[in-house]
1. Is there a simple number for the mean count of other chain Cβ atoms within 10 Å of the Cβ of residues in A:226-233, and what is it?
2. Taking H as built 1.01 Å from N, whose amide H comes closer than 5 Å to the amide H of A:Leu312, not counting residues under 5 places away?
3. Determine the relative contact order of the range B:185-311: mean sequence separation of Cα pairs under 8 Å and six or more apart, normalised by residue count, in whole percent.
4. Skipping prolines and chain starts, which residues have an amide H placed within reach, meaning under 5 Å, of the one on A:Ser130, given they are 5 or more residues away or on another chain?
5. Accessible area of A:Met333, 1.4 Å probe, to the nearest 10 Å²?
6. Net charge near B:Pro170, counting Lys/Arg +1 and Asp/Glu -1 over other residues with Cβ under 12 Å of its Cβ?
7. Given the whole protein assembly as supplied and a 1.4 Å probe, what does the accessible area of B:Asp124 come to in Å², nearest 10?
8. Under a straight-distance cross-link criterion of Cα-Cα below 24 Å, which lysines are reachable from A:Lys284, leaving out those fewer than 8 residues away in the same chain?
2 protein chains.
Amino acid sequence: MKKLINRPEDVVKEGLAGMLAAHSDLIRVDIEQQIVVRRDAPVRGKAGIISGGGSGHEPMHGGFVGLGMLDAACAGAVFTSPVPDQMLAATRAVDGGSGVLHIIKNYTGDVLNFEMAAELAAADGIEVASVVTNDDVAVQNSLYTAGRRGVGVTVLLEKIVGGLAETKAPLSAVAALAQKVNNQGRSMGMALTSCTVPAAGKPTFELGEDEMEIGIGIHGEPGRRRVKLASAAEITEMLTTPVVEDLELKAGEQVLAMVNGMGGTPLIELYIVFDALNRILGGKNITIARSLVGNYITSLEMAGCSITLVRLDDEMIKYWDAPVHTAGLRWGM
Amino acid sequence: MKKLINRPEDVVKEGLAGMLAAHSDLIRVDIEQQIVVRRDAPVRGKAGIISGGGSGHEPMHGGFVGLGMLDAACAGAVFTSPVPDQMLAATRAVDGGSGVLHIIKNYTGDVLNFEMAAELAAADGIEVASVVTNDDVAVQNSLYTAGRRGVGVTVLLEKIVGGLAETKAPLSAVAALAQKVNNQGRSMGMALTSCTVPAAGKPTFELGEDEMEIGIGIHGEPGRRRVKLASAAEITEMLTTPVVEDLELKAGEQVLAMVNGMGGTPLIELYIVFDALNRILGGKNITIARSLVGNYITSLEMAGCSITLVRLDDEMIKYWDAPVHTAGLRWGM
């Protein structure tokens with residue numbers, strides 16, 4: 001196992017300590033409890049927004065805590081859901097009297113634990129709303145989910161609803177926008193290589209030298225099919241077509257497009273995929289009005305990429321463009 | 001060779017096409033000539049700043065073109081210097097009447113080609129100043145250089161002098177600040193794995209499953225020594241000590257610290273290294289006043305990292321903090 005780590009059991013806490021050291025202007029970190037909180041939380045009168053999930057997907061979610069995006073993030077062990085106590089503590093830490101939105105990727109453990117945290121928070125008198133992202137078109141049910149998995153849309157949703165929450169819109173409006181973004185977004189991913197969970201010490205799965213996995217999940221869970229290596233143009237087509245069809249995107253519409261790296265793929269390759277995506281959508285007269293190219297929701301050092309498209313309207317564009325200041329996304333300030 | 005590419009010979013041009021598609025608000029790209037130019041260049045009365053080098057180090061340099069950083073970047077083939085014609089065309093494109101600074105990483109091909117371009121530009125009546133970065137403390141001479149290699153400091157220097165140039169300071173002042181930043185900065189890198197140049201189709205070098213290379217260059221050229229795998233804390237010590245000693249950093253001083261990923265290393269590991277670096281410098285009473293953690297000067301999909309420290313003064317902090325708007329670095333706007 002070739003990794004820049006110390007003891008496998010210290011990976012998450014030491015990673016959080018590094019985040020805190022680098023970004024103490026933005027965040028507080030409870031390293032023991034593995035919670036990243038916006039430095040000025042709770043913000044009075046603002047609906048709080050929290051998310052969380054297994055570690056190993058950085059910068060998601062801790063890298064998205066800050067003005068205009070998340071108020072807190074809970075980090076589980078690598079590829080393992082955080083526990084309800086973390087989510088409850090985060091919910092309490094960010095409630096500014098206007099309630100808290102939980103953004104949950106659709107994995108059974110995450111969903112159950114966030115549900116329990118929401119009940120405990122309600123018993124405390126904190127209003128909680130929830131949205132479950134389920135944008136992955138690759139499979140209907142998977143190793144860790146009933147229904148579709150939540151993947152790339154989560155990042156884009158956190159940015160857009162974070163922009164709305166900053167205006168002190170009521171929790172109900174923030175939750176409604178979150179639901180809309182999830183409804184209007186779809187993703188699909190692929191892997192050229194596996195990744196190795198530090199505590200396991202060996203690759204999660206095996207892929208032959210001439211093979212790739214289409215429809216992979218962000219924990220290396222199986223996708224649609226294992227096929228022979230293909231060109232970037234062909235791979236982009238394999239990912240884009242199911243997304244466009246499932247979203248029923250039509251000529252004349254505009255999208256927010258993300259080409260996301262899984263962690264081990266160089267940026268030049270992600271731009272090659274974005275070029276191919278741009279050609280495919282251009283051929284359908286679908287406009288990429290906004291975009292993001294880079295590593296945003298990763299699977300440790302896995303090589304591969306995912307494509308996410310969100311059908312845009314003026315409200316979503318407005319809050320996508322709104323200022324954001326986090327470790328992982330920053331503009332307008 | 002597992003890569004998201006089409007034909008190896010199209011990697012650079014298709015990557016540039018993707019960059020243009022994603023960032024047309026910031027840049028123009030001459031895909032044929034492989035030049036990325038700030039969209040509003042030339043800026044009247046502003047010293048132009050260009051850089052360039054082999055591709056495969058993205059986001060460097062094309063990702064650093066925009067307000068507050070570079071005016072243009074020339075992209076060579078992967079790990080291969082651009083040619084003088086590219087540098088001359090970039091120099092002409094960005095000269096707003098106040099001359100142009102060439103930022104050159106110390107590799108023999110780059111240095112010779114930039115020298116020739118500077119002579120050709122001078123014949124055109126364009127004033128050119130040059131700075132050669134040579135911050136890599138790992139080796140005194142290397143496979144591709146006489147003297148030290150230019151690596152991580154290049155990124156930080158481009159940001160700082162870009163900030164000064166935006167104030168319309170004269171070329172001589174911009175060049176002097178560039179020289180100062182280079183003088184005050186040092187770097188050292190390491191690799192856990194090799195990388196594969198697309199046109200070669202096989203790894204640049206071989207590393208055993210239990211080996212790493214300390215002092216690696218950004219093209220996979222040999223470092224100081226090949227040793228057994230070690231912990232992140234030990235590796236960080238191996239990189240930091242030579243940098244601190246060479247810079248003669250003393251207690252009470254403050255630095256800009258970059259923990260840079262080589263392309264294939266996940267962000268959580270870079271934060272673990274930053275945590276270790278923060279402890280080491282803290283133990284010496286050296287303050288990290290500013291920092292950067294992520295993939296900024298990469299070697300395709302190589303796993304590994306580099307550490308760069310720049311001794312800061314108030315002028316450097318001021319221009320580091322100044323607004324920047326590029327694909328790879330953005331703040332203050």
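The values are calculated or read from the model by the stated rules, or taken from the named source; none is laboratory data. What you are looking at is a predicted structure, and each value in this text was computed from that prediction instead of being measured. Heads up, the Cβs are rebuilt from the backbone with ideal geometry, glycines too, and the neighbour counts pull from every protein chain shown. SASA here: full protein model, heavy atoms, side chains in, ligands and nucleic acids out. Shrake-Rupley method; radii C 1.70, N 1.55, O 1.52, S 1.80 Å.
1. Counting Cβ atoms of other protein chains within 10 Å of each residue's Cβ and averaging gives 3.
2. So A:Leu312 has HN proximity to A:Gln254, A:Val255, A:Leu256.
3. Details: 272 pairs, mean separation 45.3, N = 127.
Here the relative contact order equals 36 percent.
4. A:His102
5. For A:Met333, solvent-accessible area is about 70 Å².
6. Working: positive: B:Lys46, B:Lys168; negative: B:Glu127.
My count for the surroundings of B:Pro170 gives +1.
7. Estimated to the nearest 10 Å², B:Asp124 gives 80 Å².
8. Counting by Cα, and skipping residues close in sequence, A:Lys284 has these lysines nearby: A:Lys180, A:Lys250, B:Lys13.
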